[in-house]
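Novice: Got a structure here, written out as structure tokens. Questions coming.
Read-outs throughout are calculated quantities, based only on the coordinates presented, and are distinct from any laboratory measurement. As the structure is a prediction and not an experimental result, all values here were calculated from the model. As a convention, Cβ positions derive from the backbone with ideal geometry for all residues, glycine included, and neighbour counts pool all protein chains shown.
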Amino acid sequence: MKLRILICIAVVNLLLFSSALNCLAEADANFQQGLTACRAGQFAEAVQAFQKSAVQNPAAGTLLNLGIAQWRQGRAGEAIMNWEQAAWLDPFNAEAPNNLRYARNAAQVDAPELRWHEAASTWLPANLWAGIFSFSLWLAVAMIILPGVLRVRRSGWLQTLAALAFGVFLLSIPPCLGVITRAELGIVLEKNTALRLTPTREGEVVSSLTAGEAVRQERARGTYSFIRTSHGAGWVEQKQIGILSPR
């Protein structure tokens, strides 16, 4: 009976691994197709291929190339959003910040205003902050509890390690909170996006937003989101903004 269970588990793991490999292979094929289309100047086809690749395997390189293809099509808002997402996934990649500076200068829009803990969250990938938070917490707990469970003397190095782990845990809290609140940031995708007083098409237009402009989403109602920008606050259709956090 136990042998059958182990065999079933092994088969399931093998199927999952095989499915993941197939997904990565398809993502790579779509990525290469996108590169080929880009070199040929076929940017609409390149955008479609890169989008498929990004869905199958979100990666900074894919989003960077997707943004380039969109920029060549004149879709500044979508290009800026995808370069922001690339920087989210890989903060150490210098190409994304360079592209963003150039695009924002050309579109005459400002970068998102980050709070101090949000700025700290950009130093490392979001998933790495979550890993540091969890690992340091459990390490501190283990160093405190395990000696009692194993009935061994609490030595000085165990206490030092527990203190260090707890310190790292406390220091990782602000960046982790920054990752959460930074996920509320978005980019206006369409030109002349109407910022309305109420969440309806009949709502009074407060201002007109520029493609690529940064916004902070606060709440949603139906197909509308309430946002804040440098031009004020109001409602926009959700399809007209893109959230920076990669899905």
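Novice: Using the structure shown, decide if Gly178 is in a helix (DSSP H, G or I), free of Cβ contacts under 8 Å to residues at least 24 places away in the same chain and small (Gly, Ala, Ser).
Specialist: no
Novice: Oh, and also: Considering only segment 98-125, state which residues are more than 24 Å from Ala163 (Cα to Cα), in contact with a Phe, Trp or Tyr (Cβ under 8 Å, 6 or more places away or on another chain) and of a type in the set (Gly, Ala, Ser).
Specialist: Once the filter is applied, which keeps residues that are more than 24 Å from Ala163 (Cα to Cα), in contact with a Phe, Trp or Tyr (Cβ under 8 Å, 6 or more places away or on another chain) and of a type in the set (Gly, Ala, Ser), segment 98-125 yields only Ala103.
Novice: Now for a different question. Would segment 44-54 turn up any residue that is in contact (Cβ under 8 Å) with a residue 12 or more places away in the chain, more than 15 Å from Ile187 (Cα to Cα) and assigned to a loop (DSSP other than H, G, I, E, B)?
Specialist: No: segment 44-54 contains no residue that is in contact (Cβ under 8 Å) with a residue 12 or more places away in the chain, more than 15 Å from Ile187 (Cα to Cα) and assigned to a loop (DSSP other than H, G, I, E, B).
The rows are residues; the columns are (1) crowded, with 21+ Cβ neighbours inside 10 Å; (2) in contact with a Cys (Cβ under 7 Å, 6 or more places away or on another chain); (3) among the charged types (D, E, K, R).
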site: Glu218; (1), (2), (3): no, no, yes
site: Arg221; (1), (2), (3): no, no, yes
site: Arg228; (1), (2), (3): no, no, yes
site: His231; (1), (2), (3): no, no, no
site: Val236; (1), (2), (3): yes, no, no
site: Ile241; (1), (2), (3): yes, no, no
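Novice: Given the options Gln85, Gln48, Gln56, Gln73, name the one that is of a type in the set (S, T, N, Q), within 27 Å of Pro112 (Cβ to Cβ) and within 22 Å of the chain's Cα centre (by Cα).
Specialist: Gln85 is the lone residue from the list that is of a type in the set (S, T, N, Q), within 27 Å of Pro112 (Cβ to Cβ) and within 22 Å of the chain's Cα centre (by Cα).
Novice: Do the conditions hold for Glu113, that is, is it under 19 Å from Ile243 (Cβ atoms), part of a loop (DSSP other than H, G, I, E, B) and either touching a strand residue (DSSP E or B) at 6+ places or on another chain (Cβ under 7 Å) or of a type in the set (Asp, Glu) (or both)?
Specialist: Details: under 19 Å from Ile243 (Cβ atoms): yes; part of a loop (DSSP other than H, G, I, E, B): yes; either touching a strand residue (DSSP E or B) at 6+ places or on another chain (Cβ under 7 Å) or of a type in the set (Asp, Glu) (or both): yes.
Criteria met by Glu113.
Novice: Do we find a residue being out of contact with any Gly (no Cβ under 6 Å at 6 or more places or on another chain), over 18 Å from Glu113 (Cα atoms) and surrounded by fewer than 16 Cβ atoms within 10 Å (Cβ to Cβ) anywhere in segment 178-188?
Specialist: There is no residue in segment 178-188 that is out of contact with any Gly (no Cβ under 6 Å at 6 or more places or on another chain), over 18 Å from Glu113 (Cα atoms) and surrounded by fewer than 16 Cβ atoms within 10 Å (Cβ to Cβ).
Novice: Right, here's the next one. Within segment 202-213, track down each residue that is crowded, with 22+ Cβ neighbours inside 10 Å and part of a strand (DSSP E or B). Even if it seems obvious, please write down each step before you answer.
Specialist: Taking segment 202-213 as the starting set, the residues that turn out to be crowded, with 22+ Cβ neighbours inside 10 Å are 209, 211-213.
Across segment 202-213, the qualifying residue is only Leu209.
Novice: List the residue pairs whose Cβ atoms are under 7 Å apart, where the first residue sits in segment 101-112 and is closer than 16 Å to Arg75 by Cβ, the second is surrounded by fewer than 18 Cβ atoms within 10 Å (Cβ to Cβ) and small (Gly, Ala, Ser), and the two are 6 or more positions apart or on different chains.
Specialist: That search, which allows pairs on different chains as well, returns Arg104/Ala111.
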